[in-house]
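Student: Encoded as structure tokens, here's the structure I'll be asking about.
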There are 2 protein chains.
Amino acid sequence: MTDSKSPRVRAASAKRERLMAAAARVVHQQGAERTTIADIAHAADVPVGNVYYYFKTKDDLVAAALTEHVRQLGLLTGQLDDLDDPRERLKGLVEAWASQREVAARYGCPTGTLAAELDKRTEGGLDVAAGKAIRVLLDWAERQFRELGLPDPGGLAETLVGAYQGMSLLANALREPDVMTRQCARLVGWLDSLSADGS
Amino acid sequence: MTDSKSPRVRAASAKRERLMAAAARVVHQQGAERTTIADIAHAADVPVGNVYYYFKTKDDLVAAALTEHVRQLGLLTGQLDDLDDPRERLKGLVEAWASQREVAARYGCPTGTLAAELDKRTEGGLDVAAGKAIRVLLDWAERQFRELGLPDPGGLAETLVGAYQGMSLLANALREPDVMTRQCARLVGWLDSLSADGS
DNA sequence: GTCTATAATCCGATAGAC
DNA sequence: GTCTATCGGATTATAGAC
């Protein structure tokens, strides 16, 4: 039923999606402020002036980049949801972080660095959008901890996600991927040590 | 011997120091990219064009902001060094973080947010300067853990500082100072639980 | 040393031809 | 729908008067 190649609809959408993907990639690498419309247009192989047909403002493009990152996070957690044990899901998440250590050391966590940047603004509402993006991960993690019957699942989720954001920032600032390896190993040990009677 | 008010030398330095302090404050609040020379000049009550007499480029001002934050961190750790027990020094650091929760929730960790922003650049060497700033804190913490005779003091320091960076980012993204309170309490508990025979 | 005026550049956004 | 040309505003940096 959903025609995936109707020329009129898909020609436009294809370009739009290319722009979204390029925005996510380039904004992650260069930061939102230092990225120009021209940078994104070039990366997406779209003429500069044409961008405004798909996105009214630069902020719309940044918001699209945020959405794209949330979407990719959804794909990951969706796969992890197939695992039976919540603890294995959480460990799978940590392993996924460890496997991305090179990217994290170079550019930081996509969502985290973007959130940090957007939180410097008050106008436009991009700052609250960044908060919502972070909360998606936080809520997913909290659900796993709750399913494990652990006390204060919300606090545990904050610790886990915070640890990830922190190690990504350190790895990035020091340009040392090994920080990710070491700290992810610690996190796995921590997850294994948690038992229902308190830690 | 060090004349603190020789007019020729100090008149210049006074303005320079005002610009440094203003740069540290405004850059923390607005971010480096969104802060203009005019913003800093206005905050320091210095005519805009005059800034260039003290700092050749904007990057020089950003570097000065970084130095200022490192200096203030040095003041804090210097006070903590007076405590006898290394564990108490570390707990004192965590308590200092908790006391700054409102600022952290609004603008993030001064050093961390700046490092995340500057790591997006390759030219100018500001990115490695940010790394060095982070390392100052890391090294101080590692010294305390080593003095406690704990295994892998470097890894423990990464965990501690990473936890701080992470909770600051979360508190900032969610605009919730309570994240700082909760996670700092967890950190204190963690510090108390560490014993020399492994954790 | 201090400050003003302005040059030079860059970038987001629009108008309008095709 | 697609693209070019360009406007207008903002910002870094400099030239030069005082």
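Student: In the range B:54-145, carbon and sulfur make up what percent of the accessible area (probe 1.4 Å)?
Tutor: Here carbon and sulfur together make up 52 percent of the probe-accessible area.
Student: Can you tell me the orientation of helix B:7-30 relative to chain B, as the angle in degrees between its alpha-carbon axis and the longest Cα principal axis, to the nearest 10?
Tutor: 60 degrees
Student: Another question about this same structure. Filter the trypsin sites (Lys or Arg not before Pro) in the range A:6-107 to those in DSSP coil with at most 16 other Cβ atoms within 10 Å of their Cβ, and list the result.
Tutor: Those satisfying the criteria are A:ARG34, A:LYS56.
Student: Once the cut-off is 31 Å, how many percent of the Cα-Cα pairs in the protein assembly as shown end up in the long-distance tail?
Tutor: Counting every Cα pair in the protein assembly as shown, those more than 31 Å apart make up 41 percent.
Student: Please work out how many pairs of lysine residues in the range A:7-193 are eight or more positions apart (or on different chains) and have Cα atoms closer than 27 angstrom.
Tutor: Eligible lysine pairs with Cα atoms under 27 Å apart amount to 9.
Student: Kindly provide the Kirkwood hydrodynamic radius of the range B:59-193 in Å, to one decimal, from all pairs of distinct alpha carbon atoms.
Tutor: 15.3 Å
Student: Read phi for every residue in the range B:106-122 and hand back ³J(HN,Hα) as whole Hz from Karplus 6.51 cos²θ - 1.76 cosθ + 1.60, θ = phi - 60°, with x for Gly and Pro.
Tutor: Result, ordered by residue: 8, 10, x, 5, x, 6, x, 5, 5, 4, 4, 6, 6, 5, 7, 10, 10 Hz.
Student: Nearest 10 degrees is fine. How inclined is helix B:153-174 to the longest principal axis of chain B, computing both from alpha carbons?
Tutor: Taking the Cα atoms of chain B, the angle to B:153-174 is about 60 degrees.
Student: Moving on. Work out the length of the dipole vector of the protein assembly as shown about its Cα centre, built from +1 on the beta-carbon of each Lys and Arg and -1 on the beta-carbon of each Asp and Glu, and round it to the nearest 20 debye.
Tutor: Computed about the Cα centre, the dipole is about 1560 debye.
Student: May I pose another question? GNM, chain A, Cα, under 10 Å: largest mean-square fluctuation among A:HIS69, A:HIS42, A:HIS28?
Tutor: Its mean-square fluctuation being the largest, the pick is A:HIS42.
Student: Compute the acute angle (0 to 90°) between the alpha-carbon long axis of helix B:86-99 and the principal axis of greatest extent of the alpha-carbon atoms of chain B; round to the nearest 10°.
Tutor: The answer is roughly 60 degrees.
Student: Continuing with this model, one more query. Specify whether the C-alpha gyration tensor of the range A:1-120 places it in the rounded, prolate or oblate class, a ≥ b ≥ c being the square roots of the eigenvalues: rounded for a/c under 1.5, otherwise prolate if a/b is larger than b/c and oblate if not.
Tutor: oblate
The values are calculated or read from the model by the stated rules, or taken from the named source; none is laboratory data. Small disclaimer: the values here were computed from a predicted structure and weren't measured. So basically every Cβ, Gly included, is an ideal-geometry build from the backbone, and we count neighbours across all protein chains shown. Keep in mind that these areas ignore ligands, DNA and RNA; they rest on the heavy atoms of the full protein, side chains included. Shrake-Rupley method; radii C 1.70, N 1.55, O 1.52, S 1.80 Å.
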